[in-house]
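The values are calculated or read from the model by the stated rules, or taken from the named source; none is laboratory data. A quick note: this is a predicted structure, and the numbers were derived from the prediction, not measured. Because the Cβ atoms are built from the backbone with ideal geometry, glycine has one as well, and the counts that use them run over all protein chains shown.
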Amino acid sequence: MGNRFPSEDVPSSATIRDVAELAGVSVASVSRYLNKKGYVGQETAARIEAAIQALKFEPNVVARNLARGRSGMIAILVSDLENPFFTLLLKAVTEEAAREGYGVLVWTCGQRKGRTLADLARRRFVDGLIVAAHGISQEELRVLERHGIPMVMLDRAPSYSKSVALRVRDRQGARKAVRHLWEQGYRTIAHVTGPLGYVPARERLGGYMEGLLEVGAEHGPIFVESDFTFRGGMAAARRLFLEHPEVDAVFAANDLMALGILKFAVRQGRRVPEDVGIVGYDGIPLTEMSEPELSTVAQPIEQLGQKAVTVVLSLLEDPRREPREVWFDVTLVARSSSRRREDA
């Protein structure tokens, strides 16, 4: 009789019955172990796991989710896929979801998100939602709430019992940017904000103002509201330098706007960093591709995406298990666009 175990080169065709037979337990015990429903003794669990590894058994994720009354899908709502921040976040979310046996549905704010997502939630086509956009209203979120769908919010307060907020320390990041520019010898530091209806934009503006006070700047806040886009950054820079020609440094609320400011400054004949220093926010790879390379306050984008998935799946099991808010630190990455001093 030949070896009944699959070779390393051949995909396993083992079934749950094969696992039960090898482990010396019932099919029901294996099912409870896989679905994490019901009691399975420690010794029994160890035998089942050993059998799974020996047989290279891969559970049918679709069937398992159906048995648990789940779709095996989570949805993510993002503001704009043209912004590399969201594509990096989406990459982290989809990879982590795949590791957990879940698929991901993607919506942008330009779609009919509220009614569509609510319809999916009502029909149980998605098991959870990650909100990484600020274009969805509280009213739309309340519709989703009524269907009991677990939600993870990025940079907005949790709205109900089955939601958790992942918050970035934006004020801290903004203060770091201002202090860095001050230490490089810049004395008139301006700020280009995102839309002030959005929480991150307001938090970064607040941190900028606090930063000016901390370093003892003699001027008051100088800021222009923009829209988190490259072209918006260029337009903001045009207005800023026209109305405040004395400005010698700009902290932008995201990297795309900072790159637009950099392009406008260079076009106007301003030397970067000699005449004007520039710092962005997010830490997207494009910041290393510009000339000069752009300084930035980097968010932990990959960790945010991974945590969003683990939390939303945890909420499915027990909403009380997770804290209402989880905070993430940011890191200042100083590069050529703001370095006047060689020792900095």
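Among (1) without any contact (Cβ under 8 Å) to a residue 24 or more places away in the chain; (2) closer than 22 Å to Arg335 by Cβ; (3) surrounded by 15 or more Cβ atoms within 10 Å (Cβ to Cβ), there is one condition Arg267 misses while meeting the rest; what is its number?
Just one mismatch for Arg267, condition (3).
Could you please find all residues in the stretch 303-339 being part of a helix (DSSP H, G or I) and modelled with pLDDT under 90? Spell out the reasoning first.
So in the stretch 303-339, the residues part of a helix (DSSP H, G or I) come out as 303-317, 319-321, 336-338.
The answer is Leu313, Ser314, Leu315, Leu316, Glu317, Pro319, Arg320, Arg321.
Residue by residue through the stretch 220-248, note down the ones that are of a type outside the set (A, V, I, L, M, F, W, C), touching a strand residue (DSSP E or B) at 6+ places or on another chain (Cβ under 8 Å) and either in a loop (DSSP other than H, G, I, E, B) or in contact (Cβ under 8 Å) with a residue 60 or more places away in the chain (or both).
Pro221, Ser226, His244, Asp248
Sort out for me the helices (runs of 4 or more DSSP H) sitting completely within the stretch 66-165 that have 2 or more residues that are at pLDDT 80 or above.
84-99
Can you tell me which residues in the stretch 270-301 are crowded, with 20+ Cβ neighbours inside 10 Å, outside any loop (DSSP other than H, G, I, E, B) and in contact (Cβ under 8 Å) with a residue 40 or more places away in the chain?
Gly277, Ile278, Val279, Tyr281, Asp282, Thr287, Ser295, Thr296, Val297, Ile301 - these are the residues of the stretch 270-301 that are crowded, with 20+ Cβ neighbours inside 10 Å, outside any loop (DSSP other than H, G, I, E, B) and in contact (Cβ under 8 Å) with a residue 40 or more places away in the chain.
Quick check on this structure: which one of Glu203, Glu210, Glu225, Glu274 is acidic (Asp, Glu), within 31 Å of the chain's Cα centre (by Cα) and under 17 Å from His180 (Cβ atoms)? Show your work before the answer.
Working: Glu203 fails: under 17 Å from His180 (Cβ atoms); Glu225 fails: under 17 Å from His180 (Cβ atoms); Glu274 fails: within 31 Å of the chain's Cα centre (by Cα).
Being acidic (Asp, Glu), within 31 Å of the chain's Cα centre (by Cα) and under 17 Å from His180 (Cβ atoms) holds for just one of Glu203, Glu210, Glu225, Glu274, which is Glu210.
Give the stretch 1-45 a look and list any residue that's modelled with pLDDT under 85, polar (S, T, N, Q) and not in a helix (DSSP H, G or I), or say none.
Asn3, Ser7, Ser12, Ser13, Thr15 - these are the residues of the stretch 1-45 that are modelled with pLDDT under 85, polar (S, T, N, Q) and not in a helix (DSSP H, G or I).
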